[in-house]
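Asker: Below you will find the structure I want to go over with you.
The values are calculated or read from the model by the stated rules, or taken from the named source; none is laboratory data. Since the model is a prediction, treat every value here as computed from it, not as a measurement. Every residue, glycine among them, receives a Cβ derived from its backbone with ideal geometry; neighbour counts consider all protein chains shown. Quick note on the areas: whole protein, heavy atoms, side chains included, nothing else; ligands and nucleic acids left out. Shrake-Rupley method; radii C 1.70, N 1.55, O 1.52, S 1.80 Å.
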Amino acid sequence: MDNKIKILVVGDVCGRFKQLFQRLESINKKSGPFEVLLCVGNFFSDIDKQNEELIAYKNACKTISVPTYILGPTSEVLNKNYQVNESGEICTNLTYLGKRGLYSLSSGVKIAYVSGREKPSEDQLSEAEYYFTKDDVIAVRNLCFVNKSSASDYRGIDILLTSQGPYGLDEQELNSSKLVSFLCKEIKPRYHFHGLSKKYKEPAPFRLPADQTTQLELCTRVISLAAVGNENKEKYIYALSLTPVHRIRVLDLIQKTTNELKCPFADINYKDVNITRDEKTNSNIFLIWKQAITRKITEKLCWFCLSCPDVEKHLIITIGEHFYLALAKGPVNDYHILILSITHIPAASQITKHEEWEELFKFKDVLRQFFKDQQQVVCFTERNYKSSHLQINCFGIDAGYSWKISHAFEDKAEEFQLKFENLKDLNSPQMLPNQGPYFVAELSDDTILITRQMKHFPLHFARDVFCSPNLLNCEEKTDWRDCKLEKAKEVELVKNFREKFSKYDFTN
């Protein structure tokens with residue numbers, strides 16, 4: 001039981017934040033700690049007055065006791081409530097997951113999600129953010145499969161979150177979606193939660209037949225949750241205690257129960273939602289996705305991929321075959337730079353090619369020599385948590401302060417109640433966790449610190465360390481947004497760094 005992960009899921013909140021978060025605090029004290037609270041359906045109310053209950057949490061007058069993740073709007077009137085920072089946070093411990101995706105908790109639990117409502121056939125020209133389409137559903141399916149090498153390797157995912165329920169399970173349900181049914185059938189979640197139905201329903205589980213994505217017959221439970229504060233006092237919050245699928249024995253995954261239903265999605269005709277034969281799974285699916293899907297989905301949207309039209313090219317210092325150097329946005333000093341992958345790689349742990357790792361290693365080596373010749377030392381940090389693209393921060397600091405760096409990390413780890421382990425070496429991606437988020441720091445004395453304790457991990461932890469009074473003494477620069485520079489100044493810093501770095505630059 002100690003290996004079980006505790007998770008809460010709630011139905012439509014509809015702006016009843018005070019009631020929800022008071023209940024959450026009570027449950028967490030009594031039965032927790034819970035890793036996260038997941039919200040399906042409408043989190044905000046369409047009545048502005050009701051949403052004012054969130055102001056106290058935004059102003060930090062009240063706190064949310066468990067990290068809470070919500071889906072996106074389901075109508076135009078709800079759009080305006082989604083004012084978030086670069087990490088998707090609305091306020092502390094309240095995060096908007098996004099329109100679609102696959103999110104991994106620090107425990108390894110994988111959560112697929114699609115926000116909004118299925119775009120109706122009569123409104124196909126609409127670009128409304130609150131609609132999802134066939135492309136969104138297929139993108140999520142591909143994300144679930146992309147790291148699997150064969151049909152025997154796929155075990156399904158842990159949780160699927162949608163606002164609309166799946167078509168076919170309840171003939172009386174008017175708010176259902178065939179695209180949601182298709183996604184559930186394809187990715188095979190152990191639990192599928194949805195809202196918008198205004199009722200609590202938990203029918204018997206059903207087993208999805210083996211197909212070309214997996215040789216296993218996997219079991220799914222679809223659970224509809226009522227709204228917070230509903231008049232009939234139906235169940236609106238659900239407690240889960242589960243083991244991530246990648247840690248479950250295959251025998252346990254395929255173990256049948258006595259009350260299973262027939263799969264409700266097997267005979268659905270998907271022609272009216274334009275799911276063609278080519279878009280259904282086929283025998284070559286893993287080979288195709290393994291090679292190309294991740295880049296196709298994300299490169300056009302990612303700020304750090306060089307192919308993205310929104311990348312700030314004036315920040316770039318030099319470009320290699322696989323990686324490039326760029327000035328950090330809101331740098332802590334004139335030598336604060338980033339090592340970034342040219343194409344979309346989520347984290348260093350996901351590097352698969354030997355030549356990519358070799359070039360990353362070479363960039364670190366020449367940067368160590370560069371900083372040494374400036375009478376400085378350099379430290380490298382990577383946060384694979386609430387980030388979508390491989391970013392390695394390079395912090396340069398006067399060599400005379402190098403002995404203080406490890407102490408600064410210890411002090412900040414104690415302040416934020418974090419526990420770090422030491423890695424003996426970091427000579428391959430296999431030294432890093434291949435499941436779930438992590439933070440790793442390579443210090444100037446060759447110490448390598450790593451933690452997977454990411455539940456309450458501060459997003460600016462590395463900057464907290466280096467901006468502390470004992471090192472750079474610039475605590476006002478802990479948040480990059482507070483020290484953004486004018487473009488002309490950024491261009492000047494890039495030019496100066498590039499000139500000094502030119503004799504070390506092996507990319508020329």
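Asker: From the list Phe361, Phe370, Phe380, pick out the single residue that is buried (at least 22 other Cβ atoms within 10 Å of the Cβ) and in the same structural domain as Leu449 (by the TED database).
Answerer: Phe380
Asker: Still on this structure: Please work out if Gly98 is at pLDDT below 90 and assigned to a loop (DSSP other than H, G, I, E, B).
Answerer: yes
Asker: Regarding Glu202, is this residue out of contact with any Asp or Glu (no Cβ under 7 Å at 6 or more places or on another chain), open to solvent by 50 Å² or more (accessible area, probe 1.4 Å) and farther than 18 Å from Leu251 by Cα?
Answerer: yes
Asker: Could you tell me whether Thr352 is open to solvent by 30 Å² or more (accessible area, probe 1.4 Å) and closer than 30 Å to Gly101 by Cα?
Answerer: So Thr352 fits the description; yes.
Asker: Can you tell me which residue in the range 480-503 is least open to solvent (accessible area, probe 1.4 Å), limited to those that are without any contact (Cβ under 8 Å) to a residue 60 or more places away in the chain and not charged (D, E, K, R)?
Answerer: Ser502
Asker: Out of Glu217, Glu186, I need the residue that is charged (D, E, K, R) and open to solvent by 60 Å² or more (accessible area, probe 1.4 Å). Which one?
Answerer: Glu217
Asker: Can you tell me which residue in the range 172-183 is farthest from Glu260 (Cα to Cα), limited to those that are open to solvent by less than 30 Å² (accessible area, probe 1.4 Å) and assigned to a helix (DSSP H, G or I)?
Answerer: Looking at the filtered set, the residue picked out is Leu179.
Asker: Of all residues being of a type in the set (A, V, I, L, M, F, W, C) and outside any loop (DSSP other than H, G, I, E, B) in the range 241-279, which is modelled with the lowest pLDDT? Just the residue, please.
Answerer: Val273
Asker: Of the residues that make up the range 462-479, is at least one open to solvent by less than 20 Å² (accessible area, probe 1.4 Å) and in contact with a Pro (Cβ under 7 Å, 6 or more places away or on another chain)?
Answerer: Among the residues of the range 462-479, not one is open to solvent by less than 20 Å² (accessible area, probe 1.4 Å) and in contact with a Pro (Cβ under 7 Å, 6 or more places away or on another chain), which makes the answer no.
Asker: Go through the range 218-240 residue by residue and tally those that are free of Cβ contacts under 8 Å to residues at least 60 places away in the same chain and part of a loop (DSSP other than H, G, I, E, B).
Answerer: The total comes to 6.
Asker: Residue under question is Asn147, and the condition is that it be under 24 Å from Val222 (Cα atoms) and at pLDDT below 90; does it hold?
Answerer: no
Asker: Going residue by residue through the range 61-72, is there one that turns out to be open to solvent by 10 Å² or more (accessible area, probe 1.4 Å), modelled with pLDDT of 90 or more and polar (S, T, N, Q)?
Answerer: Checking the range 61-72: at least one residue is open to solvent by 10 Å² or more (accessible area, probe 1.4 Å), modelled with pLDDT of 90 or more and polar (S, T, N, Q).
Asker: Give me a count of the residues in the range 195-216 that are touching a residue at least 40 places away in the same chain (Cβ under 8 Å) and either among the hydrophobic types (A, V, I, L, M, F, W, C) or not in a loop (DSSP other than H, G, I, E, B) (or both).
Answerer: 8
Asker: Can you find a residue that is in the same structural domain as Glu475 (by the TED database), crowded, with 21+ Cβ neighbours inside 10 Å and in contact (Cβ under 8 Å) with a residue 60 or more places away in the chain anywhere in the range 414-432?
Answerer: no
Asker: State all residues of the range 37-63 that are touching a strand residue (DSSP E or B) at 6+ places or on another chain (Cβ under 6 Å) and of a type in the set (Val, Ile, Thr); if no residue qualifies, say none.
Answerer: Correct list: Val40 only.
Asker: So, one more: Tell me, which residue of the range 11-41 that is part of a loop (DSSP other than H, G, I, E, B), in contact (Cβ under 8 Å) with a residue 40 or more places away in the chain and open to solvent by 30 Å² or more (accessible area, probe 1.4 Å) is farthest from Lys99 (Cα to Cα)?
Answerer: Arg16
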